[in-house]
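Enquirer: Can you read through this structure? Questions will come right after.
The values are calculated or read from the model by the stated rules, or taken from the named source; none is laboratory data. The shown structure was predicted, so the numbers you read here are calculated from the model rather than taken from an experiment. Note that each Cβ is placed from the backbone with ideal geometry, even for glycine, and that neighbours are counted across all protein chains shown.
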Amino acid sequence: MQTIFVMVKCELGRAYEVADEAVDVEQVSEVHSISGQYDLMLKCYLEDGGDIGQFVVDTVQELPGVKDTFTLIAFKAFS
């Protein structure tokens with residue numbers, strides 16, 4: 001599995017709507033409200049070899065109320 005974090009900038013007043021939609025996406029495991037330039041951070045798990053760009057463009061950016069995204073690819077989790 002590939003882990004990515006997608007930071008989402010929402011249209012004004014729509015962050016909670018976007019969060020409600022995002023939690024229903026199969027690949028999204030967590031949705032956090034955050035401070036700063038972006039409103040939400042999504043933790044997503046994709047199948048190995050899956051097309052990250054296509055997932056972000058076709059799934060995350062198509063959620064109603066999404067204005068912009070910034071994607072981070074995680075290499076290793078430490079515990």
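Enquirer: What about Ser79, is it in a loop (DSSP other than H, G, I, E, B), at pLDDT below 95 and exposed (fewer than 14 other Cβ atoms within 10 Å of the Cβ)?
Expert: Details: in a loop (DSSP other than H, G, I, E, B): yes; at pLDDT below 95: yes; exposed (fewer than 14 other Cβ atoms within 10 Å of the Cβ): yes.
Considered against the rule, which asks whether it is in a loop (DSSP other than H, G, I, E, B), at pLDDT below 95 and exposed (fewer than 14 other Cβ atoms within 10 Å of the Cβ), Ser79 comes out as yes.
Enquirer: Before we move on, is Thr3 at pLDDT 95 or above, part of a strand (DSSP E or B) and surrounded by 12 or more Cβ atoms within 10 Å (Cβ to Cβ)? Steps first, answer last, please.
Expert: On the way: at pLDDT 95 or above: yes; part of a strand (DSSP E or B): yes; surrounded by 12 or more Cβ atoms within 10 Å (Cβ to Cβ): yes.
Considered against the rule, which asks whether it is at pLDDT 95 or above, part of a strand (DSSP E or B) and surrounded by 12 or more Cβ atoms within 10 Å (Cβ to Cβ), Thr3 comes out as yes.
Enquirer: How about the range 22-41: which of its residues are loosely packed, with under 14 Cβ neighbours inside 10 Å and within 18 Å of Val57 (Cβ to Cβ)?
Expert: Kept after step one, since they are loosely packed, with under 14 Cβ neighbours inside 10 Å, are these residues of the range 22-41: 23-24, 26, 29-30, 32-37.
Listed by number, the list holds a single entry, Glu26.
Enquirer: If we scan the range 6-13, do we find a residue that is under 11 Å from the mean Cα position of the chain (by Cα) and of a type outside the set (Val, Ile, Thr)?
Expert: Yes, the range 6-13 contains at least one residue that is under 11 Å from the mean Cα position of the chain (by Cα) and of a type outside the set (Val, Ile, Thr).
Enquirer: Tally time: how many residues in the range 40-71 are in a loop (DSSP other than H, G, I, E, B) and within 11 Å of Val6 (Cα to Cα)? Working first, answer last.
Expert: Residues of the range 40-71 in a loop (DSSP other than H, G, I, E, B): 47-51, 61-65.
The next check asks that each one be within 11 Å of Val6 (Cα to Cα); those that pass are 61.
Looking only at that region, the number is 1.
Enquirer: What number goes with the only condition from (1) surrounded by 14 or more Cβ atoms within 10 Å (Cβ to Cβ); (2) not in a helix (DSSP H, G or I) that Ala19 does not pass?
Expert: That leaves (2) as the condition not met.
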